[in-house]
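Here is the structure we will look at, set down as structure tokens.
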Amino acid sequence: ELNTKEKSQPVDVKVDEVKDDDDGDDVKTQVPEIECLCCYGDYPLSDMKECNPGSGHFVCRQCINHFVSEQLDGNDCVAFKCIADAECVHKYSNEMLDQDGVLS
């Protein structure tokens with residue numbers, strides 16, 4: 001089901017991550033996370049995809065994989081419209097989907 005939530009800007013959420021420094025001491029660092037506009041989970045930017053660079057329509061890989069799988073199985077669809085905003089005209093590129101192994 002498409003998300004019909006009003007268009008919003010992604011919000012960075014800081015999450016503490018503990019790492020060891022060279023002396024063996026624990027050091028806290030901040031890892032930014034962004035809300036998926038489909039499932040509303042918080043994920044690192046590296047796990048997010050946009051329909052069009054700069055659109056702000058961030059969706060996690062799991063949601064994109066699920067969406068594409070359903071479209072291929074149920075609708076034989078090969079063009080995948082943005083799932084973050086029902087009014088968005090952009091589509092996920094086959095190149096982007098191929099890089100993530102969604103289409104293979």
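As an equivalent ellipsoid, region 25-89 spans semi-axes of 28, 13, 9 angstrom, where each value is the square root of five times an eigenvalue of the C-alpha gyration tensor, largest first.
In the assembled protein chains, ASP42 presents an accessible area of approximately 70 Å² (probe radius 1.4 Å). Accessible surface ranking for LYS49, LYS81, LYS91, 1.4 angstrom probe, highest first: LYS91, LYS81, LYS49. Taking LEU37, LEU72 and ordering them by how much accessible surface each has at a 1.4 Å probe, largest first, produces LEU72, LEU37. Close amide H contacts of PHE80 (hydrogens built in the peptide plane, cut-off under 5 Å, sequence separation of 5 or more or a different chain): TYR92.
To the nearest 10, the accessible area of GLU33 is 40 Å² with a 1.4 Å probe.
The values are calculated or read from the model by the stated rules, or taken from the named source; none is laboratory data. The model shown is predicted, which means the values in this text are computed figures rather than measured ones. Protein only, heavy atoms only, side chains kept; ligands, DNA and RNA dropped before computing areas. Shrake-Rupley method; radii C 1.70, N 1.55, O 1.52, S 1.80 Å.
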